[in-house]
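**Q** Sharing a structure with you now.
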Amino acid sequence: MKSEEHSFDTLGMSESEMQRLGYRVVDLVIDYIRARHEKPAIKADSPASLWQQLGGQIPLDPGDPDAALAQLVAVAMENQQHGDHPRYFARVPGPSSFAAVLGEWLATGFNTMAASWGGGSGPTTVELVVIEWFRELLGLPVGTEGVLSSGGSMANLIAFGAAREAIGPGIVYMTDQAHSSLSRGLKEMGFAKELLRVIKSDANYRMPIDALREAVNADKKQNLKPMMVVATAGTTNTGVIDPLDEIASICQENRMWFHVDGAYGAPAAMCESERVKFKGLERADSLAVDPHKWLFQPYDVGCTLVTRRGALERAYTMTPEYLRDVQGSSDDIHGQEVDMRNRSLELSRRSRAIKIWMTMRTHGMNRIKTAISRGIELAEIAEKYILANSSVWELVTPAQLGVVTFAARTGGKIEHEAAVKRLADDGFAAVSTTSLHSRSVLRLCTINPLTTEEDIRETIDRLGNR
Ligand SMILES: *Cc1c(COP(=O)(O)O)cnc(C)c1O
């Protein structure tokens, strides 16, 4: 800090230095985004090498912030999966957009707080507005409430807490295609294994309605209480949607909570052309969506939506006297002061809504829907290419919500894993293998609108070149 310059930074950085380094960070990020596609989609280094470069003595005296930034970019940010790379097809990509990054930076710069109305009525309103926009885009009933959290794992867990508060403890039903974070969440809530029914998915990896009905009836005969069905709208493995409408009816008949895990797939329901596949979603008691997957947001942000009014507050309120206010509140959501700390397990919490609001205001939903639709189309292009090369590949599941799975005609798990490793090692592309009813498959998730058709063909070709 230059002595003539007064500093208003808590730790004494001068204004000119704040500006210089701030613009430097913007340049570093844009340099990354501009050249992203020419760099590896994924990169990893050994623990010893990374510790050697990033560790060392505790810094006691001031260092060079330019050197620190350069080292972070070259070492820390370099060695990771680049989920926003156009050839990152593994697990679920994270094609984040710059408008969202701007919102994130701004929110962090202003140290936003969205815990209570009194301490954050502005950021809280942004969150309520974003949740209301999602509600409408997803076709959920008026009066639906919600809360943002760190991602799908937490968003589902938050809904489970509301469900147990509303229904009481009981049996939970899901299929073998449900995301593995769900049973972990239930376990941490204290659900014993015996309270969980994992139903074998049908030949299309969907929840078989007859088997669900039988399981519920069998439990009732044993005097056990069916509590909740967890359906998936867009499974991570194959992108398939469980039969939501039929599951909703079973839940209604048996007074169970109907939860939909749409962490991956729900954004597709915002596109009119896809909406019919989600029939029954509007009957859900709760829904999880992950904006850091298919709504072009940087990590992290998940969203829980609950259609039963007051259910979140009944589960999570910290101050019992508050409940009276909630129950007596009017139907007019615009007239309510909401304390977001009473809707999940987080008390101090930053505003994750700012980046979403900024993205939607900047680009508009029509642009965002086009970007979502492109992801669906790209998987269809991949499917066509796999079918056109049927001497090498067998299509295992068709393109569904941006996911396609396929297998080598000759070879299995070992060959698939070797092919994926080869691509990751030279950095050309990141692809996942997964297991479908014990069969090893290769899987592409194509939700990045920057991916080209050539990227897809070249990736599939390289997977086949042994
Ligand atoms: C990714 C995913 C999750 C977990 O979400 P995180 O944001 O990684 O915590 C849960 N369910 C489904 C269907 C997912 O695809």
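Just so you know, all these numbers are worked out from the coordinates, no wet-lab data involved. Quantities reported herein were computed from a predicted structural model and do not represent experimental measurements. Glycine gets a Cβ as well: all are built from the backbone with ideal geometry, and neighbour counts include every protein chain shown.
**Q** Please give the FRET efficiency for Lys220 paired with Ser121, using the beta carbon to beta carbon distance and R0 = 41 Å, rounded to the nearest 0.05. Display every interim value, and only then the final one.
**A** On the way: r = 47 Å, r/R0 = 1.13.
Plugging the Cβ-Cβ distance into 1/(1 + (r/R0)^6) gives 0.30.
**Q** Where does the charge balance sit around Ala263 when Lys and Arg score +1, Asp and Glu -1, over other residues with C-beta under 11 Å from its C-beta? If you can, show how the numbers build up before the last one.
**A** Numbers: positive: Lys293; negative: Asp261, Asp290.
Neighbourhood net charge equals -1.
**Q** Something else now. Looking at the square roots a ≥ b ≥ c of the eigenvalues of the Cα gyration tensor of segment 172-243, which shape do they give, rounded for a/c under 1.5, prolate if a/b is larger than b/c, or oblate? Intermediate values should be presented prior to the final figure.
**A** Details: a/c = 2.59, a/b = 1.24, b/c = 2.10.
Oblate is the answer for segment 172-243, as a/c is 1.5 or above yet b/c matches or exceeds a/b.
**Q** What length, rounded to one decimal in nm, is gained on full extension from Ser348 through to Ala68, with 0.36 nm per residue of separation minus their alpha-carbon distance? Before the final figure, lay out the partial values.
**A** On the way: separation 280, 0.36 × 280 = 100.80 nm, distance 2.89 nm.
Taking 0.36 nm per residue and subtracting the Cα distance, the gain is 97.9 nm.
**Q** May I pose another question? In whole percent, what relative contact order does segment 118-216 give with Cα contacts below 8 Å and a gap of six or more residues? Before the final figure, lay out the partial values.
**A** Values: 68 pairs, mean separation 20.5, N = 99.
Answer for segment 118-216 is 21 percent.
**Q** Where in segment 223-241 is the amide nitrogen less than 15 Å from a point lying 7 Å along the Cα-to-Cβ axis of Asp176?
**A** Answer for segment 223-241: 237-238.
**Q** Determine the alpha carbon to alpha carbon distance for each of Lys277/Lys369; Lys384/Lys413; Lys225/Lys277; Lys187/Lys369 and list only those over 27 Å.
**A** Numbers: Lys277/Lys369 16 Å; Lys384/Lys413 23 Å; Lys225/Lys277 30 Å; Lys187/Lys369 36 Å.
The pairs that break the limit, which is 27 Å between Cα atoms, are Lys225/Lys277; Lys187/Lys369.
**Q** May I pose another question? What does the charge add up to near Gln297, with Lys and Arg as +1, Asp and Glu as -1, over the other residues with Cβ less than 13 Å from its Cβ? Write down the numbers at each step before the final one.
**A** Working: positive: Lys293, Arg352, Lys355; negative: Asp84, Glu104, Asp290, Asp300.
Combined, the nearby Lys, Arg, Asp and Glu give -1.
**Q** Something else: Given the options Ile241, Pro291, Asn448, identify the residue whose Cα lies farthest towards the positive end of the charge dipole of the chain (+1 on Cβ of Lys, Arg; -1 on Cβ of Asp, Glu).
**A** Looking along the dipole axis, the top candidate is Ile241.
**Q** Sticking with this structure for a sec: With contacts defined as alpha carbon pairs under 8 Å and 6 or more residues apart, what's the relative contact order of the chain in percent? Provide the component values of the computation, followed by the final result.
**A** Details: 830 pairs, mean separation 97.6, N = 466.
About 21 percent, as a whole number.
**Q** Determine which aspartates and glutamates satisfy two conditions relative to Lys355: a Cα distance under 16 Å, and not lying fewer than 8 residues away in the same chain.
**A** Glu104, Glu127, Glu132, Asp290, Asp300
**Q** If you take the beta carbon distance between Glu454 and Leu50 as r and set R0 to 30 Å, what does 1/(1 + (r/R0)^6) give as a FRET efficiency, to the nearest 0.05?
**A** Numbers: r = 33 Å, r/R0 = 1.11.
So, using R0 = 30 Å, E works out to roughly 0.35.
**Q** Can you give me the distance in nm between label points at Tyr32 and Ser249, each placed 7 Å from the Cα along the Cα-to-Cβ direction?
**A** Between Tyr32 and Ser249, the label points sit 5.0 nm apart.
**Q** Where Lys and Arg each count +1 and Asp and Glu each count -1, what net charge lies around Gly103 among other residues with Cβ under 13 Å from its Cβ?
**A** Numbers: positive: Arg350, Arg352, Lys355, Arg361; negative: Glu104, Glu127.
Summing Lys and Arg as +1 and Asp and Glu as -1 gives +2.
**Q** If R₀ is 51 angstrom, what is the calculated FRET efficiency for the pair Leu60 and Arg374, using the beta carbon separation as r and rounding to 0.05?
**A** Working: r = 51 Å, r/R0 = 1.00.
FRET efficiency, Leu60 to Arg374: 0.50.
**Q** Also, quick follow-up: Taking segment 1-99, how much of its Cα-Cα pair set, in percent, is spaced more than 15 angstrom apart?
**A** Details: 3477 of 4851 pairs.
Here the tail beyond 15 Å accounts for 72 percent of pairs.
**Q** Then there is this: Where the centre of each part is set by its Cα atoms, how far does segment 395-443 sit from segment 197-272, in angstrom?
**A** Measuring centre to centre over Cα atoms gives 27 Å.
**Q** Return the inverse of the average 1/r over all pairs of distinct C-alpha atoms in the chain, which is the Kirkwood hydrodynamic radius, in Å to one decimal. Show your work: numbers first, answer last.
**A** Numbers: mean 1/r = 0.0418 Å⁻¹.
Evaluated on the chain, it is 23.9 Å.
**Q** From Cα pairs below 8 angstrom and at least 6 apart in sequence, can you work out the relative contact order of segment 247-392, rounded to a whole percent? Kindly include the intermediate steps, with their values, before the conclusion.
**A** On the way: 123 pairs, mean separation 27.2, N = 146.
Relative contact order, segment 247-392: 19 percent.
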